[in-house]
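For reference, the structure discussed in these notes is given below.
What follows draws every value from the coordinates through simple rules; no lab data is involved. It should be emphasised that the depicted structure is a prediction, and the values quoted were computed from it without experimental measurement. Reconstructed Cβ throughout: ideal geometry from the backbone, glycine too, with neighbour counts over all protein chains shown.
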Amino acid sequence: MSANLTDWHDELVLLIPRVRRFALTLTGSAHDADDLVQATVEKALVKREQFTPGTNLRGWLFRICRNLWIDEWRGPRGKTDEWDAENADHVQTIDGERVTSGVLELAEVTAAMNTLGDDKREVLALVAVEGYSYKEVSEILDIPVGTVMSRLARARQALADQLSLRNSDESRYGDQSREVN
Amino acid sequence: MSSENQTRLSDEELCAYLDGELAETERARVEARITHSQDAQARLNRLVGVDQVLARTLGPLDQEPVPAHVLEMIERSKQEAVARAGDNVVPLGGASARWRKNAAAFPFSGAMAAGLALAIGLGSGFGLSEMGRFSSGGDPALQAIGPVEDGSPLHAALEHGQSAVARVVSMEEGTSITPVMTFQTADGHICREFSYDSAEAQQRGVACREGPSWQVKFTVASSASSTPDDGYIPAGSALLAVDIFIDTLGAGEPFGREQEQQLISDSWAGLEW
């Protein structure tokens, strides 16, 4: 028994970095992401006995995380809009003084992701960053696979537009080996 | 399909190709069309570019250390759970829990697909005769598929018992019943997974609320000393079978404790979801 519980908690610990990455992608800010991760873990611990052993713990956590964000976090606080405005300025400031990719590029991509809207951003994050299959995403978000496909296609298009809008040399993004500037 | 060559590949098709989501014939068809279209190649490259940027920028974010206070929170919960385990929480599967954990390595789409096959193998859900082979096992203590008798220990557990809290049936025989979780099926029924444990065997099952009564829809029995012919199946397979059966019902996320408590207080009436 205790081995069973220990395993569950240990697996949870191992999954936290990925939950945090997902939270960062959803919220677009390290501060909000850390709050969201904490709330997700709190909820997971409270609901532990409702987790069905043998099912996908990571998917379960992502679902909790995403539902907290959509239902309790983003709505009442209206974070997304604030963040957008704030960050758009931020990106323009750093654009002129770009030194290397890395941190600056992250801020830029995060800002671009935040223009997508939650429904597209979460699908793109789950598929392109987290590596979930369409079927798994449909289960985590509780939407049909067809909806996953259409949102994903629109998200990739929109992000490609966003990134190329901010950068005249679009191919920079298609070729990792080449540094621009 | 005369229009096939004239129609531009959709963004959805290009994405599905990129994500490896197309079946083999479809994949070959799309690939052939990409090969012959500069437009499709350019559009695909653009999509690939997006993923590369995401992988390069957001990908490494899972390498950052876990906040210490989150780790402390988990560690505290772990200690508490282990301490409590001796008292009133019953293992969900005992020795087989380890097996279940291994099953967690399956992506859940795979588990669902495998599940469908196994569920059909077992007799596709509701009350086919093959199920009886697993459910009765020759042991009169085990619950058969069908209505749950009013006043029986199983009825009391389903009607009044909180999930994950064991209810002793017989001290002498060392038997107990534990509601495992409560969930709602795709067609709106409220069901509970339960576990009937004795020293020799464990029976897992699913009962659903139908009108004023509970109906056992599925059971499977397992024994530590399972042999192929005794009507029991290995514990791991038993748990998998229950999971699969629940999947076939289109079960939503299990109810939280508060919701479940509300259902119990309302005698499972007034379901308005």
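Does the range B:11-60 come out rounded, prolate or oblate, given a ≥ b ≥ c as the square roots of the eigenvalues of its C-alpha gyration tensor, rounded meaning a/c under 1.5 and, failing that, prolate meaning a/b above b/c?
On the way: a/c = 3.37, a/b = 1.63, b/c = 2.06.
Oblate, because a/c is 1.5 or more while a/b does not exceed b/c.
Tally Lys and Arg at +1 and Asp and Glu at -1 over the other residues with C-beta under 12 Å from the C-beta of B:Pro179: what net charge comes out?
Details: positive: B:Arg167, B:Arg192, B:Arg204, B:Arg257; negative: A:Glu49, B:Glu159, B:Glu193, B:Glu260.
Charge balance in the 12 Å sphere: 0.
Using the basic label-point model (7 angstrom from Cα toward the beta carbon), what is the A:Ile143 to B:His36 distance in nanometres?
It works out to 3.4 nm between the two label points.
So the label point goes 7 Å from the Cα of B:Met73 along Cα→C-beta, right? Which residues of the range A:23-43 then have their backbone N under 15 Å from it?
Answer for this model: A:23-24, A:31-43.
Beyond a 29 Å Cα-Cα separation, which of these cross-linked pairs lie in this structure: A:Lys120/B:Lys217; A:Lys43/B:Lys217; A:Lys47/A:Lys135; A:Lys43/A:Lys135; A:Lys135/B:Lys217? Mind dumping the intermediate values first?
Numbers: A:Lys120/B:Lys217 39 Å; A:Lys43/B:Lys217 31 Å; A:Lys47/A:Lys135 24 Å; A:Lys43/A:Lys135 25 Å; A:Lys135/B:Lys217 27 Å.
As for pairs spanning more than 29 Å Cα to Cα, those are A:Lys120/B:Lys217; A:Lys43/B:Lys217.
At a Förster distance of 25 Å, what's the computed FRET efficiency of B:Ser265 paired with B:Met171, Cβ-Cβ distance as r, to 0.05?
Efficiency, from the Cβ-Cβ distance: 0.30.
Among rounded, prolate and oblate, which fits the range A:1-77 when a ≥ b ≥ c are the square roots of the eigenvalues of its C-alpha gyration tensor, a/c under 1.5 means rounded, and a/b larger than b/c means prolate? Present the calculation step by step, with values, prior to reporting the outcome.
Values: a/c = 2.42, a/b = 1.89, b/c = 1.28.
Prolate.
What does the extension gain come out to for B:Glu26 and B:Arg56, with contour length at 0.36 nm per residue minus their alpha carbon separation?
Working: separation 30, 0.36 × 30 = 10.80 nm, distance 2.96 nm.
Contour length minus Cα-Cα distance gives 7.8 nm.
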